[in-house]
Amino acid sequence: MRKALGAGLFTLVLALQGAVQSPEQYFGFRIGSDRKLVRWDKIVEYMQKVAAESDRVKFHNLGPTTSGNPFVVLEISSAANLKNLDRLKDLERKLYFQGGAPTEAERDEIFRSGKAVVFITNNIHSTEIGASQMVLELVHRLATEDSPYVRKLLDNVILLLVPSLNPDGQILVTDWYNKVVGTPNEASPLPWLYHPYTGHDNNRDMFLFSQKESRMAAQILWHDWFPAIWLDEHQQGTSGPRIFTMPATDPINPNVDPLIYRLNAVFGQSQAAALEAEGKTGIIFNATYTNFWQGAMAWAGWWHNQVGLLTEVASARIATPVVQQKADPSRPATGAAGGGGGGRGAATGPANAPTDFEAERRRMFEHPDDPLPPPRDITPRTEYPRPWLGGKWTLRDIVDYELTATFALLDAAADRRESLLRQIYDVNRNTIEAGKRGEIGEGEKTFAALIAAAEQHDPNEAIELVDKLLIAGVEVYRAKADFQQDGKTYTAGTFVVPFNQVFGRYVKDLLERQTYPEVRRAPGAPAEAPYDVSAWSLGMQFGVKTEFAKTALSPDLAMEKVLATPKYVLPAASAAGTWRFPYNGALAARVVNRLLKSGAKVGLTKPDSNGIPSVIATTKADVWNRAVDGFDVRPLPRSAGAAALVTSLRAPRIGIYQSYDASMDEGWTRYVLDQYAFEYTRLHNPDIQAGNLKKGFDAIILPDQRPQAILNGLDFKTIVPEYKGGIGDKGWEALRQFVADGGTLISLGEASNLLVDKLPLGVKDLKRATTRDQHFAPGTIVNLQVDTSHPVGWGVAPETWGFYINSPFFQLMEGFSSQKVSVVARYPNTEVRASGWLRGEDLMYGRAAVVAVEMNPGKVVLFGIRPQHRAQTHATLPLLFNALYWSAEGDLARGQ
């Protein structure tokens, strides 16, 4: 009787599972059909339905996202595994030495009973829409199919699936595509960023964790689950290989355990083999994407001892097919250097990739229905045995390739379950042992990172740095008393980050100076430039001096573990409704802006002997208390005497130009201003062209963008009419008049050349006169010298670090006597490069990085460096903030 009852229940469960509608049944069309997309809210709805009807799927909403949408993760495995999920999660956490090293018995239990935990993220770049569609069929099959193959996957694997890492962008792209599909403007691109702030840069946020979506991913990765494998599914350009799978290409990063690189190849080639077995063409590896750099989502897993995989599938035009002329295999054309196969400059390529940018855009937008030229890279070879020769390519093709690659990864993880667990255990154990010996990576021995907060120009940036380490799962400690290390005395409160921890490789790589290895394809050939940014030393970007222990820490060093990010500290003195505190960094500006917004009277003193001005604020106590919310307010040291007030501060009226040829730098600028409590208005082409700008604004920011993009925008026949063009001559005349009326124009990066070209400035951009072979910087941290006596330099360290990425560097020329031209920040006469790779460094010696021009009455501030680059460059944020404050200085008529 009991057996019969059990059999009946089993049959009932199968019947219920079979009742789960397929995506085609649910949505009324086959997933991947031409010109058909499923919007994010409907994807969420379907995933909830599957989870409710299947005992193999658990649904979790970790949101809200930046725009308030659900951020979803699904836990998918066998019903038995999901019932035992807490125990299996404990085993996985113990595999990563959480709570200490496992005992031999615990280790053996992990190998015997643990599962292969696989984390798969999709659709972080929202125009790469295919993965957000593919997951619907993936989940349905895993939830309903009862084949031995699927049972094997579910029994041995726990899949953590994020259907979209950018739900906000998925909605933006889907809605825009549905608006233009079937019209003459079907090829018209989304006229704004496909993430509220970051656009395509959101996969460069995996060490800063500025965005909600990045932080939620980090919570799963390095706090809750600790998956052993992480696959991030992307799309690339339309004209080259059909899919990139791991491994990536040289150089490698010495801080990554070599076994991780081997496992990347094992699992990536399992995907490639499955695609080849199905007769798919155009499968490439060892191309385009390098093994060196931090921050690119799944690749951040390498330094966390996780297998980190990338797939890049060729794109359609969202859901519109593309057709490519067939190549003649009897006449092979030359491919990209090193087998790149068309990856550079594609959807995931860097902005500075070598490509005929304007010609490509014109073809895309002027003649979208014309067939693409035939593929150039059609030479069979080891990493590309069956090249793509051209033809029709559809959204369904993308879905098919991604389904095959995804199931192949799950299959390989299931088959290699025990060996994967054993090898990851070895990597984790070896990392801790290498950290104990001071032998992580290359070079001299280092045992720990030491961050003495009290010695920093802005001690709060040390706290910011610790916050990022904690989000990444790093163990951070704080010294309970003064201690000696390598002949130096460190004070109590110094942050200590030992390398003998499971994520010791990550800490070392994130904090040390990067040295990009030379890669030469042949003897005597020039060194290849990096694919993407070559420097990410976060201490430098935050303006935090980080030191490394060269000998082992004393076992008697008294430390306490930092369990949560400490509060920011604000030293302040008060008397009779007036408060004084140092203006020494970006967080001080947050307090200033809160005070100004509440109507407080705020001013700055001259810099003291350490180059630091003070803020003087007169207001009510309740206003002060709201302004310092989140800060630990402490007495200002008595040695910091009062100084005379030299300028009053007013809330600057800020406009930010937002081009319809969307600029990621514009999005990051808005993000930074939002975080530091600046208020601003977005200005589009008609707003600029309307003129009379000084009436509404003190400062207008032109984010990093080519001058022609600002002036002309996208002016092709397929562009939706209301989003065509740039500011044009009329808009430029309005900006010129804005300066003539006393306004301040602030240009970031390449936008500076618009002002250099069109205003009578005694400034020349030297970068434009160089070739790529003479000067190139794909993303480098540079040394800066700052004039702290200039209002734009107030509160900044006199010697600090900035971020440089192929933007202008300036030489002062003959100017008009009516103008005052000041170099606010310059590159030193030697050793410009602080971290990363820089070709033609000598051309920057002694040149200007930030220039301020007083036009009488207007002002211009030219930023060659990227002062707010991806919100990472905390050390130089005050330069931008000061330029904004400077714009309102002396405007006594405001508010009357």
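Can you tell me which residue among A452, A448, A412 is more than 30 Å from A875 (Cα to Cα) and among the small types (G, A, S)? Result: A412 is the single residue among A452, A448, A412 that is more than 30 Å from A875 (Cα to Cα) and among the small types (G, A, S).
Against the conditions (1) in contact with a Ser or Thr (Cβ under 7 Å, 6 or more places away or on another chain); (2) open to solvent by 20 Å² or more (accessible area, probe 1.4 Å); (3) at pLDDT below 95, G611 satisfies every one except (2).
From the set of residues in the stretch 752-775 that are touching a Leu at 6+ places or on another chain (Cβ under 8 Å) and within 17 Å of L838 (Cβ to Cβ), which is most open to solvent (accessible area, probe 1.4 Å)? Ranking the qualifying residues of the stretch 752-775, first place goes to Q774.
All of P196, P241 fail the test of being open to solvent by less than 10 Å² (accessible area, probe 1.4 Å), assigned to a loop (DSSP other than H, G, I, E, B), at pLDDT 95 or above and not hydrophobic (A, V, I, L, M, F, W, C), apart from P241.
For R866, are the conditions met, namely being open to solvent by 20 Å² or more (accessible area, probe 1.4 Å), touching a residue at least 24 places away in the same chain (Cβ under 8 Å) and under 22 Å from D205 (Cα atoms)? Talk me through it step by step, then tell me what you get.
Numbers: open to solvent by 20 Å² or more (accessible area, probe 1.4 Å): yes; touching a residue at least 24 places away in the same chain (Cβ under 8 Å): yes; under 22 Å from D205 (Cα atoms): yes.
Here the answer is yes, as R866 does meet what is asked.
The sole residue among T446, T431 that is part of a helix (DSSP H, G or I) and more than 25 Å from L161 (Cβ to Cβ) is T431.
Yes or no, residue by residue, for (1) more than 30 Å from R520 (Cβ to Cβ); (2) more than 18 Å from the chain's Cα centre (by Cα):
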site: E278; (1), (2): yes, yes
site: T281; (1), (2): yes, yes
site: N286; (1), (2): no, yes
site: F292; (1), (2): no, no
site: A298; (1), (2): no, no
site: G301; (1), (2): no, no
site: H304; (1), (2): yes, no
site: V307; (1), (2): no, yes
site: V313; (1), (2): yes, yes
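For E547, the conditions (1) open to solvent by 50 Å² or more (accessible area, probe 1.4 Å); (2) more than 22 Å from G443 (Cβ to Cβ) all hold with the exception of (2). Within the set A529, A535, A525, the sole residue that is under 23 Å from R833 (Cβ atoms) and without any contact (Cβ under 8 Å) to a residue 24 or more places away in the chain turns out to be A525.
Within the stretch 384-401, the set of residues being in contact with a strand residue (DSSP E or B) (Cβ under 6 Å, 6 or more places away or on another chain) and open to solvent by less than 40 Å² (accessible area, probe 1.4 Å) comprises Y384, G390, W393, I398, Y401. Counting only helices (runs of 4 or more DSSP H) that fall entirely inside the stretch 11-98 and contain at least 2 residues that are open to solvent by less than 30 Å² (accessible area, probe 1.4 Å) and more than 30 Å from A187 (Cβ to Cβ), the qualifying elements are 40-53, 79-83, 85-95. The residues of the stretch 719-731 that are open to solvent by 20 Å² or more (accessible area, probe 1.4 Å) and within 28 Å of H869 (Cβ to Cβ) amount to a single one, Y723. Looking at this structure, is L136 touching a Pro at 6+ places or on another chain (Cβ under 8 Å) and either not in a loop (DSSP other than H, G, I, E, B) or not small (G, A, S) (or both)? For L136, the condition - touching a Pro at 6+ places or on another chain (Cβ under 8 Å) and either not in a loop (DSSP other than H, G, I, E, B) or not small (G, A, S) (or both) - is met. Looking across the stretch 576-604, just one residue is buried (at least 21 other Cβ atoms within 10 Å of the Cβ) and more than 24 Å from V672 (Cβ to Cβ), and that is W579.
Look at (1) within 30 Å of V38 (Cα to Cα); (2) modelled with pLDDT of 90 or more; (3) touching a helix residue (DSSP H, G or I) at 6+ places or on another chain (Cβ under 7 Å) and you find that L372 fails only one, number (3).
Of the residues I260, I229, the single one that is over 28 Å from I129 (Cα atoms) and touching a helix residue (DSSP H, G or I) at 6+ places or on another chain (Cβ under 8 Å) is I260.
Of all residues in the stretch 294-338, those that are at pLDDT below 90 and in a loop (DSSP other than H, G, I, E, B) total 10. Residue check: is W293 of a type in the set (F, W, Y), closer than 20 Å to V118 by Cβ and buried (at least 23 other Cβ atoms within 10 Å of the Cβ)? It is false that W293 is of a type in the set (F, W, Y), closer than 20 Å to V118 by Cβ and buried (at least 23 other Cβ atoms within 10 Å of the Cβ). Being open to solvent by less than 40 Å² (accessible area, probe 1.4 Å), of a type outside the set (D, E, K, R), over 26 Å from P867 (Cα atoms) and not in a loop (DSSP other than H, G, I, E, B) is a description that applies to V496.
Can N61 be described as modelled with pLDDT of 95 or more and touching a Pro at 6+ places or on another chain (Cβ under 7 Å)?
yes
Determine if the stretch 567-575 includes at least one residue that is modelled with pLDDT of 95 or more, open to solvent by 20 Å² or more (accessible area, probe 1.4 Å) and within 27 Å of Y425 (Cβ to Cβ). No, the stretch 567-575 has no match at all. For the stretch 489-506, a residue qualifies if it is in contact (Cβ under 8 Å) with a residue 12 or more places away in the chain and over 16 Å from Y96 (Cα atoms), and the qualifying residues are Y490, T491, A492, G493, T494, F495, V496, V497, P498.
Annotation note: Cβ proximity below 6 Å between a residue of the stretch 240-262 that is over 30 Å from D400 (Cβ atoms) and a residue that is assigned to a loop (DSSP other than H, G, I, E, B) (sequence gap 6+ or interchain) occurs for D250/V519; P251/F292; P251/P517; P251/V519; N253/F292; P254/G441; P254/E442; N255/G441. Could you please find all residues in the stretch 144-202 being under 25 Å from W668 (Cα atoms) and of a type in the set (A, V, I, L, M, F, W, C)? Result: V162, L165, I171, L172, V173, W176, L190, W192, L193.
Residues of the stretch 777-833 that are open to solvent by 10 Å² or more (accessible area, probe 1.4 Å) and of a type in the set (F, W, Y): W794, W801, F816.
Table: residues versus (1) open to solvent by less than 50 Å² (accessible area, probe 1.4 Å); (2) not polar (S, T, N, Q).
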| residue | (1), (2) |
| --- | --- |
| Q456 | yes, no |
| A472 | yes, yes |
| R478 | no, yes |
| R505 | yes, yes |
| V519 | yes, yes |
| Y531 | yes, yes |
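The values are calculated or read from the model by the stated rules, or taken from the named source; none is laboratory data. Remember, predicted model here, so these are calculated numbers, not experimental data. Glycine also receives a Cβ, built like all others from the backbone with ideal geometry; neighbour counts cover every protein chain displayed. Keep in mind that these areas ignore ligands, DNA and RNA; they rest on the heavy atoms of the full protein, side chains included. Shrake-Rupley method; radii C 1.70, N 1.55, O 1.52, S 1.80 Å.
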